[in-house]
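S.K.: Structure below; questions to follow.
Where a number appears in this text, it was derived from the coordinates with a stated rule and is not lab data. Here the structure is a predicted model, which is why all the values come from computation and not from measurement. Methodologically, a virtual Cβ is constructed for each residue, glycine included, from the backbone with ideal geometry; neighbour enumeration extends over all protein chains shown.
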Amino acid sequence: MNIVLLAPPAAGKGTMSELLIKKYGFTHISTGDLLRNALSRNDEIAKSLKETMDAGKLVDDETILKLVYDKLSSSDNKGFIFDGFPRTINQAIAFDKMLSDMDNKVDTAIYITVPKEVALKRTTGRITCPSCKRIYNIYFDNLRPKNSNICDECGVELIKRGDDSEEVFEKRYATYLKETEPLVNYYQEKGILKEVENINKEEAFRNITTILENL
Ligand code: AMP
């Protein structure tokens with residue numbers, strides 16, 4: 001099964017992916033994570049990627065499609081969650097073609113929504129474990145690490161992403177509205193769009209599992 005998670009910044013794509021993987025064992029393909037891994041190479045390409053990401057802009061479609069293709073073709077296919085991909089109509093069209101060449105398709109696109117002010121708090125308070133990728137948030141009681149700034153599970157220091165400031169959030173939000181929101185129509189027209197509001201994590205997750213189990 002191939003599931004696309006479509007959402008504005010900080011709507012909870014990462015958290016929902018984490019929960020879905022735990023429950024169903026999907027393979028996670030997050031283009032944001034793949035890009036952040038590429039940044040550690042520290043070469044000219046990494047420098048230019050970092051500039052784009054820190055400015056809240058989108059990385060070019062060609063780079064993204066290559067990352068996804070490489071990851072897809074090196075994983076055994078038992079179901080994927082695409083988190084933060086596709087993010088443009090061009091990417092979505094190329095992705096449909098890529099999957100169809102592999103005798104495959106997108107089964108459902110889950111559109112996760114959240115009020116903008118909640119998304120802003122989630123962004124500016126977000127800290128992540130560089131080792132297990134677990135996401136915490138300093139503004140929400142149930143998401144705070146037990147010991148400030150240390151991962152509950154790995155004991156390593158949590159980090160704040162360079163693109164998690166309010167200024168970058170506004171830019172990413174504007175980019176989302178312009179480039180990514182049109183995908184809601186794209187998948188609606190294909191008849192595979194499902195919408196889930198994510199104010200409460202448990203409720204949103206329950207709604208997503210109901211959707212998946214009724215496909
Ligand atoms: P994310 O972790 O999904 O929020 O992605 C962080 C940043 O990586 C985004 O703000 C973009 O700069 C870049 N990025 C991630 N996925 C894509 C994509 N599918 N297309 C273009 N840029 C992307």
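S.K.: What share of Cα pairs, in percent, lie more than 26 angstrom apart in the range 100-212?
M.R.: It works out to 35 percent of all Cα pairs.
S.K.: Once you charge only the Cβ atoms, +1 for Lys and Arg and -1 for Asp and Glu, what is the size of the charge dipole of the range 1-66 about its Cα centre, to the nearest 20 debye?
M.R.: 320 debye
S.K.: Given 0.36 nm per residue, what is the gain on full extension from residue 167 to residue 202 after removing their alpha carbon distance, in nm?
M.R.: The residue 167-residue 202 span can extend by a further 9.7 nm.
S.K.: Between residue 70 and residue 214, what is 0.36 nm times their sequence separation minus the Cα-Cα distance? Round to one decimal in nm.
M.R.: 48.8 nm
S.K.: Classify the range 103-151: rounded, prolate or oblate, from the alpha-carbon gyration tensor (a ≥ b ≥ c, eigenvalue square roots; a/c under 1.5 rounded; otherwise prolate if a/b is larger than b/c)?
M.R.: In terms of gyration-tensor shape, oblate.
S.K.: Could I ask something else about it? Taking 0.36 nm per intervening residue step and subtracting the Cα-Cα distance, what contour gain separates residue 57 from residue 118 on full extension?
M.R.: Difference between extended and current length: 19.8 nm.
S.K.: To two decimal places, what compactness ratio does the chain give when its Cα radius of gyration is scaled by 2.2 N^0.38 Å?
M.R.: 0.98
S.K.: Output the Kirkwood hydrodynamic radius of the range 16-96, Cα pairs only, in Å rounded to one decimal.
M.R.: 13.6 Å
S.K.: Just tell me the longest site-free run in the chain, where the sites are chymotrypsin sites (Phe, Trp or Tyr not before Pro) in a DSSP loop having at most 15 other beta-carbon atoms within 10 Å.
M.R.: 1-138
S.K.: Got a sec? Which residues in the range 80-118 would a label at residue 185 touch, if it sits 7 Å along Cα→Cβ and we count backbone N under 12 Å?
M.R.: Answer for the range 80-118: 89.
S.K.: Shifting gears a bit: Would you calculate a helix-derived [θ] at 222 nm for the chain, using -39,500 (n - 2.57) for each DSSP H run of n ≥ 4 and dividing by the full residue count, to the nearest 500?
M.R.: -14000 deg cm²/dmol
S.K.: Among 69, 156, 93, whose Cα projects farthest towards the positive end of the dipole of the range 57-215, with charges put on the beta-carbon of Lys, Arg (+1) and Asp, Glu (-1)?
M.R.: Going by the charge dipole, the pick is 156.
S.K.: Still on this structure: Could you list the residues of the range 19-40 with an amide nitrogen less than 12 Å from a label point located 7 Å from the Cα of residue 90 in the Cα-to-C-beta direction?
M.R.: From the range 19-40, the list is empty.
S.K.: Using the Cβ atoms and a cut-off under 12 Å, what net charge is assigned to the surroundings of residue 125, where Lys and Arg are +1 and Asp and Glu are -1?
M.R.: Result for the local shell: +3.
S.K.: May I ask for the percentage of alpha-carbon pairs in the range 139-182 that lie more than 18 Å from each other?
M.R.: More than 18 Å apart: 52 percent of the Cα pairs in the range 139-182.
S.K.: In the range 89-171, which trypsin sites (Lys or Arg not before Pro) are in a loop and have at most 14 other Cβ atoms within 10 Å, using DSSP for the loop call?
M.R.: 105, 146, 160
S.K.: While we're here: Nothing charged except the Cβ atoms of Lys and Arg (+1) and of Asp and Glu (-1): what's the magnitude of the dipole of the chain about its Cα centre? Round to the nearest 20 debye.
M.R.: It works out to roughly 400 debye.
S.K.: Next up: Starting at 0 and stepping by 5 Å, how many percent of the alpha carbon pairs of the range 158-204 end up in each bin?
M.R.: Spelled out per bin, shortest first, that is 5, 16, 13, 16, 24, 17, 6, 2, 0.
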